[in-house]
Amino acid sequence: MRDGPEKSHRLRIIFILVTFYLGLGVVSLRTYQLQVLKAAQLKSIAQHQYLKKTALRYPRGVIYDRNLEELAVTKKSYSLYAYTKKVKDPRQVSKRLARLLEMSPQAIEKILKDPEPFVWIARPVSEEQGEAVLSLEIPGIGAQPDESRYYPGGGLAGQVLGFAGVDCQGLEGVEQVYDKQLKGKPVFLTMEKDARDEIRMFVDEDIQADRPASLALTLDQALQHLAEQKLKETVTKWNARRGCLIAIEPDSGAILAMALYPAFNPNYFYAYQASDWRNWALVDIYEPGSTFKVFVMASALEERKVSLDDKINCENGSYVVAGDTINDMKGYGELTVPQVLSYSSNIGMAKVAEKLGPALLYQHLLEFGFGSKTGIGFPGERSGYVRPYKKWYPITLRTIGFGQGVSVTPIQMVAALSSIANGGELVQPYLAEKLIYPDGTERVLQRRTVNARVLSPAIAREMTELMVGVVNSGTGRNAQIPGYQVAGKTGTAQKPRRMEEGGGYYPDKWVCSFMGFAPADRPKIAMIVIIDEPQADLATGGMIAAPVFQEVTKYALTTLGELPEASPSSGLKTALINNLSNPQPMSWENTRINPSPEPGKIPDLQGMALADAMKMAFQLGQNPVMEGSGWVVGQDPAPGDPLSGRVTLKLSQERQ
């Protein structure tokens, strides 16, 4: 009887031990499973809970002009948001926010009443606006730090630069073309967060990545500004549809200015239609009219089908070909080849085209780059259209001779013009010059590229002489620049009707243009100016477009330090050169010689003759920029200011 309790006690102990060891075994097995078999999986799950990976970007690179003046920068901004359920009084909140955001209270109130729990109010807004909103401490309203693209010039070169969106990604223009280089690669940073989702530490130490590069363009900011200003004035004055100006270095192909009007401000790109963003200097085609005559004439001279001594019967203003009539605005009889170009005779050029023939004319037009993209590398560039010569009608050969029946882009025209200016080489135009990296290294993107030789140097010189005649004694007189020889050609082209409108040409819609280069014997700048649909009786390229060329080119030449041959006020260049090394004052009557300037300071140039002022400016290493003609009556920088590398001389015929 005594064995019963003891046996029961042992059994209980054994049971407990067995149960303990079984439990221990289960725990051990589970531990082995968790710590060994599923270790990697569980570690990944845990890291996913407390380790967060975020992508960070360095600020987008700056876009500069050729002088490293900023055209596009990245600045701190804010994105404003609302948790709509927490906003107690949407109407009152809207009124408070509207005063800071320059938005209508009604628009903000509509956003705050959105059924979604989270909404964006405005993005981006300026740093000042964002901090002002945060200072209000309105429940439900917040501001997230952000970065946004800012264009200091406003609408300056808007269609060229394009824009970057709210996430600083390039969407149009140069911003889009070089988006990869400007934004660089993102940095992926791993952070450790606690249960409250607050950052405790950064895990990654090596965050090396390709840094964004800055981009230097070939544009000259000051020249671009003047070009846009003069286009605006001209388009407004003549109530025209739009205007375009492209300036290029004819030897290198670098674009100095590409101006369009109407412009658009990329800071507020969302306020414009998509059509306003288009750079139509590259993506729109048009019939060039009489400016095209220089390429037909050059081709005929190159093939020796005509010479400068030839005379052409211009039929007294009316020439019938296969039932079609070609007219001149004024009837001419017999004209020399230079007169045909100077007087811009359509009939004379039709007969020049006849001498050249369709096959040779077609070949030369292709060599000049018509019918092909220039290779400037801008999105959407058009190639224009030159119909294969075997499909030409009898009249087509003649009309192409004066710029009808062929479609071109403005950039093609100025590139082809450069081949005459530089001695016969077709150079590729370009806008992007180099990338500049944060460590100071540079990568050249484009340099002078010769696509073809299209003219011999001798024929290029002959064509230059003919175009100088157009400006000196022909239709381009309004392009004359005192002190400089200018070569150019006017164009006044009727606009073709669309096929659905029955074809033919509008009787009252014109494209007025002028293209040229200067100085004619050593060209520094070539330019085309196009004014589309000006509202004027007998509108001509010489009357409407040439004055724009004259003003912008004059400015460009003076800023480039190109001295004029003569000046109305002083008879300038020869006397200036002769006196640069002469310590004695120049001897123009009544010239004021101001005291020597302080070292490092701009002198007082006011009251001086232009030659004297320019002499002193050059001796001090300053590029003089002239506004007007005559005596110096004002200057910028002011006398006594530090030397800045450039001085603007304001001139007047009346000495003060």
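Structural remarks
For every residue, the table says whether it meets (1) out of contact with any strand residue (DSSP E or B) (no Cβ under 8 Å at 6 or more places or on another chain); (2) within 30 Å of residue 231 (Cβ to Cβ); (3) outside the structural domain of residue 278 (by TED's automatic domain parsing); (4) modelled with pLDDT under 90.
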{"position": "143", "(1), (2), (3), (4)": "no, no, yes, yes"}
{"position": "148", "(1), (2), (3), (4)": "no, yes, yes, yes"}
{"position": "162", "(1), (2), (3), (4)": "no, yes, yes, no"}
{"position": "184", "(1), (2), (3), (4)": "yes, no, yes, yes"}
{"position": "192", "(1), (2), (3), (4)": "no, no, yes, yes"}
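- Test for residue 460: is it under 20 Å from residue 65 (Cβ atoms), touching a residue at least 12 places away in the same chain (Cβ under 8 Å) and either in the same structural domain as residue 64 (by TED's automatic domain parsing) or touching a helix residue (DSSP H, G or I) at 6+ places or on another chain (Cβ under 9 Å) (or both): no
- A Cβ distance below 6 Å, combined with a sequence gap of six or more or placement on separate chains, defines the contacts here; from the range 634-656, residues that are assigned by TED's automatic domain parsing to the domain that holds residue 600 and farther than 15 Å from residue 613 by Cα reach residues that are at pLDDT 80 or above and in a loop (DSSP other than H, G, I, E, B) in the pairs 641/602; 644/637.
- Every residue from the range 493-516 that is crowded, with 24+ Cβ neighbours inside 10 Å and not aliphatic (A, V, I, L, M): 510, 512, 513, 514, 516
- Within the range 506-560, the set of residues being small (Gly, Ala, Ser) and either touching a Lys or Arg at 6+ places or on another chain (Cβ under 8 Å) or under 19 Å from residue 281 (Cα atoms) (or both) comprises 513, 516, 518, 526, 541, 542, 545, 546, 556.
- Selection status of residue 426, touching a residue at least 24 places away in the same chain (Cβ under 8 Å), in contact with a strand residue (DSSP E or B) (Cβ under 6 Å, 6 or more places away or on another chain), over 30 Å from residue 163 (Cα atoms) and in a helix (DSSP H, G or I): no
- Residue list for the range 407-429, filter: aliphatic (A, V, I, L, M) and either modelled with pLDDT under 95 or surrounded by fewer than 21 Cβ atoms within 10 Å (Cβ to Cβ) (or both): none
- Matching residues, the range 71-97, being closer than 16 Å to residue 139 by Cα and either part of a helix (DSSP H, G or I) or small (Gly, Ala, Ser) (or both): 82, 84, 85, 86, 90, 91, 92, 93, 94, 95, 96, 97
- Condition check for residue 281: assigned by TED's automatic domain parsing to the domain that holds residue 486 and over 21 Å from residue 387 (Cα atoms): yes
- Residues of the range 403-416 classified as in a helix (DSSP H, G or I) and either free of Cβ contacts under 8 Å to residues at least 40 places away in the same chain or in contact with a Phe, Trp or Tyr (Cβ under 7 Å, 6 or more places away or on another chain) (or both), total: 2
So that you can scan it fast, the table gives a plain yes or no per residue for (1) over 18 Å from residue 523 (Cα atoms); (2) under 21 Å from the mean Cα position of the chain (by Cα); (3) not β-branched (Val, Ile, Thr):
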residue: 413; (1), (2), (3): no, yes, yes
residue: 416; (1), (2), (3): no, yes, yes
residue: 427; (1), (2), (3): no, yes, no
residue: 441; (1), (2), (3): yes, no, no
residue: 451; (1), (2), (3): yes, no, yes
residue: 460; (1), (2), (3): no, no, yes
residue: 478; (1), (2), (3): yes, no, yes
residue: 486; (1), (2), (3): no, no, no
residue: 499; (1), (2), (3): yes, no, yes
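- Contacts under 9 angstrom Cβ, first residue in the range 234-247 being touching a residue at least 12 places away in the same chain (Cβ under 8 Å), partner in a helix (DSSP H, G or I) and of a type in the set (S, T, N, Q), 6 or more apart: 240/234; 243/234; 247/224; 247/553
- Here is the figure for the range 100-110: residues that are under 36 Å from the mean Cα position of the chain (by Cα) and surrounded by 13 or more Cβ atoms within 10 Å (Cβ to Cβ) total 5.
- Matching strands (runs of 3 or more DSSP E) fully within the range 224-328 where at least 1 residues are small (Gly, Ala, Ser) and either more than 16 Å from the chain's Cα centre (by Cα) or under 19 Å from residue 493 (Cα atoms) (or both): 242-248, 318-321
- Selection within the range 54-70 - among the small types (Gly, Ala, Ser) and either closer than 28 Å to residue 137 by Cα or surrounded by 13 or more Cβ atoms within 10 Å (Cβ to Cβ) (or both): 61
- Residue match in the range 429-450 (condition: out of contact with any helix residue (DSSP H, G or I) (no Cβ under 9 Å at 6 or more places or on another chain), in a strand (DSSP E or B), of a type in the set (S, T, N, Q) and touching a residue at least 24 places away in the same chain (Cβ under 8 Å)): no
- Elements of the type helices (runs of 4 or more DSSP H) sitting completely within the range 121-187 and holding at least 1 residues that are over 30 Å from the mean Cα position of the chain (by Cα), free of Cβ contacts under 8 Å to residues at least 24 places away in the same chain and surrounded by fewer than 22 Cβ atoms within 10 Å (Cβ to Cβ): these cover 127-136.
- Identity of the residue in the range 88-99, crowded, with 19+ Cβ neighbours inside 10 Å and in contact (Cβ under 8 Å) with a residue 24 or more places away in the chain, that ends up farthest from residue 128 (Cα to Cα): 93
- Taken over the range 594-636, the criterion of being within 25 Å of residue 223 (Cα to Cα), among the charged types (D, E, K, R) and modelled with pLDDT of 75 or more is satisfied by 636 alone.
- Considering 245, 223, the condition of being modelled with pLDDT of 95 or more and surrounded by 21 or more Cβ atoms within 10 Å (Cβ to Cβ) is satisfied by 245 alone.
- Note on the range 525-558: residues that are over 20 Å from the mean Cα position of the chain (by Cα) and among the β-branched types (Val, Ile, Thr) amount to 3.
- Taking the range 526-541 as the range and being buried (at least 24 other Cβ atoms within 10 Å of the Cβ) and either outside the structural domain of residue 554 (by TED's automatic domain parsing) or assigned to a strand (DSSP E or B) (or both) as the test, the residues that pass are 526, 527, 528, 529, 530, 531.
- Which numbered condition residue 268 misses (of (1) in the same structural domain as residue 466 (by TED's automatic domain parsing); (2) over 30 Å from residue 366 (Cα atoms); (3) crowded, with 21+ Cβ neighbours inside 10 Å): (3)
- Any hit, the range 52-70, residues being of a type in the set (A, V, I, L, M) and at pLDDT below 85: yes
The values are calculated or read from the model by the stated rules, or taken from the named source; none is laboratory data. Everything numeric here is computed off the predicted structure, so don't read it as measured data. Glycine gets a Cβ as well: all are built from the backbone with ideal geometry, and neighbour counts include every protein chain shown.
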